[in-house]
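For reference, the structure discussed in these notes is given below.
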Amino acid sequence: MEPVPRPTPAALPRESERAQRDARVRAMVEGHFDPVWRALKRLGVPEGSVDDAAQQVFLIASRRLDEIEPRGERPYLLGIALRVAADARRALLRRREVPMGDAFEMAAEPGPRLEDLLDEKQALGLLSAHLARLPDEMREAFVLFELEELSAPEVADLLGVPVGTVASRVRRARDSIREHLGRKRGPS
């Protein structure tokens, strides 16, 4: 049996740096996985691909960890999610098969009333369907500002547009959604 080599003094700082990087990546995943996953889904990534896309976001972030400012992880991750979602949408257009919508699943344990769950599911379905029809630039601004609650300057920085453009896109998306939902409800 060969003796286990002892780490050289020069190798110890690298191991410490690696442990710090691993801890930072772990903290990013634990703290930001849910918003990244939601953003990807809302940005048009198909249901069956959202988990893979989220992993891709964190893989890219782990490679670019030195570029991410402490406490600036969420906007940075959502910026990566924008690009990953755009790639996923382009890939979906190239595919021939059509993804099926997910089935409504009922929880076995008691919870909210079935009617309330159904109403909520239908409302989310209407919103998701309309978000999918919005132009990408309007959908991205709306999702980041309204649903992920980033500030207008953060959204502008991520999208590479002026703050006024973000405000305009969000306003147009809101108007479009209101109009669409008004048509679905019919006259009162």
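Site pair Gln55 and Leu124 shows an inter-label distance of 2.3 nm when each label is modelled 7 Å from Cα along Cα→Cβ. Taking 0.36 nm per residue of sequence separation and removing the Cα-Cα distance, the Ser16/Leu92 pair yields an extension gain of 23.2 nm.
Each value in this text was obtained by applying a stated rule to the coordinates, not by laboratory testing. Keep in mind that this is a model prediction, so the values were computed, not measured. Here Cβ is always computed from backbone atoms with ideal geometry, including for glycine, and neighbour counts include all displayed protein chains.
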